[in-house]
């Protein structure tokens, strides 16, 4: 039933989006089997077998009719559905996930790298009475990141092709709800592809050498991020957070910009955690009067892909009155520009491999 549902879902995307003369499209179906990586000893008791499942993708191929397509060696973009049996039916159960993805090509288009971001649904989650062992998934709905590195060959037999390689699937709710130890599946995959169009357009090559010499003056950005999250103390509750950011960026070419700026954090879960530790954990030597606010400075990079961009930032707290997961922090996520100035963003803030929050943001690039 789940297989039929996923097939129907992918078919609906194919019907809506495959009617373009400047593009063609294909579907691929792969089986995978692998291991849950032990990134945290807290999940050791959950690893009972080798997870397996299937991946169904629909991709729209580009041919350079837009300049950005040529700059990135004619990537594909589309949707991926994945189903995974975690091989621990009573505790972890199974997960179904849906992603938006890009495919990037290397070595004469024989090597494909697919990266996707989306949502996952877990049918088994933590429950203090019926499923207290599941410290990996604290909520049914989670964010998920998906990556594949495949050898790929199209049209080996008529419209059928072949692909095989390795995949990584990460599931986490980013501390929206505790517990959140998360899991990472590393797997081998193999499958077939089928081109939906009999004839494909020709690849365009119209960019001149001056295209790479693009620069912009320094731009100033203001962003507001928000969301809800919870500390690692199960049952403490969810609290809102607000982040005000200001930074300058310098566009160094068509693809990249470098950033330097500051963040001011108002994380209400920290206020509750400070109070909790002051009354319940005397060995932590917390008075209860510590300030829950933090201020950080960061350097970052932005990779522009059409109207989307990939954001990566590394920060350091210069105002840090309460110790929580260390002074270094990272941010990674996606931005979507609406015109030349306004943008929206979804980002993940973490301390190393420890996620703190999923941030929803809006901003302006002046």
Mind checking the full-extension length gain between residue 31 and residue 67? Use 0.36 nm per residue of separation minus the Cα-Cα distance, one decimal, nm. 9.5 nm
Potential extension, residue 121-residue 42 segment - 0.36 nm per residue separation minus Cα distance: 26.3 nm
Two pseudo-spin positions, 7 Å from Cα along C-beta at residue 151 and at residue 250, lie apart in nanometres by 4.4 nm
For residue 362 and residue 160, what does the FRET efficiency come to when R0 = 56 Å and r is the distance between their Cβ atoms, rounded to the nearest 0.05? 0.80
What FRET efficiency comes out for residue 232 versus residue 285 if R0 is 30 angstrom and r is the Cβ-Cβ distance? Round to the nearest 0.05. 0.95
Compute the distance in nm between two label points, each set 7 Å from the Cα along the Cα-to-Cβ direction, one at residue 258 and one at residue 327. 2.3 nm
Please compute the modelled spin-label separation between residue 224 and residue 271, points set 7 Å along Cα→Cβ, answer in nm with one decimal. 1.8 nm
Ranking request for peptides 304-317, 203-216, 150-163: highest mean number of other beta-carbon atoms within 10 Å first, then the rest in descending order. 304-317, 150-163, 203-216
I need to check one value: relative contact order of the stretch 23-195, counting alpha carbon pairs closer than 8 Å and at least 6 residues apart, in percent. 22 percent
Taking square-rooted eigenvalues a ≥ b ≥ c of the alpha carbon gyration tensor, is the stretch 23-195 rounded, prolate or oblate, where a/c under 1.5 means rounded and, failing that, a/b exceeding b/c means prolate? prolate
What is the extension gain from residue 205 to residue 295, computed as 0.36 nm multiplied by their sequence separation minus the C-alpha to C-alpha distance, in nm to one decimal? 27.7 nm
For the chain, fraction of C-alpha pairs farther apart than 32 Å, in %: 41 percent
Percentage relative contact order, the stretch 209-365, counting C-alpha pairs under 8 Å, at least six apart: 20 percent
What 222 nm value per residue comes from the helices of the chain, counting each DSSP H run with n ≥ 4 as -39,500 (n - 2.57) and dividing by all residues, nearest 500 deg cm²/dmol? -3000 deg cm²/dmol
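For the peptides 55-68, 274-287, what is the packing order when you average, over each peptide's residues, the other Cβ atoms within 10 Å and list the highest mean first?
Averaged packing, sorted descending, gives the order 55-68, 274-287.
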Relative contact order of the chain, defined on C-alpha pairs under 8 angstrom at six or more residues apart (%): 11 percent
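Just so you know, all these numbers are worked out from the coordinates, no wet-lab data involved. Everything numeric here is computed off the predicted structure, so don't read it as measured data. Virtual Cβ from ideal backbone geometry, glycine too; neighbours counted across all protein chains shown.
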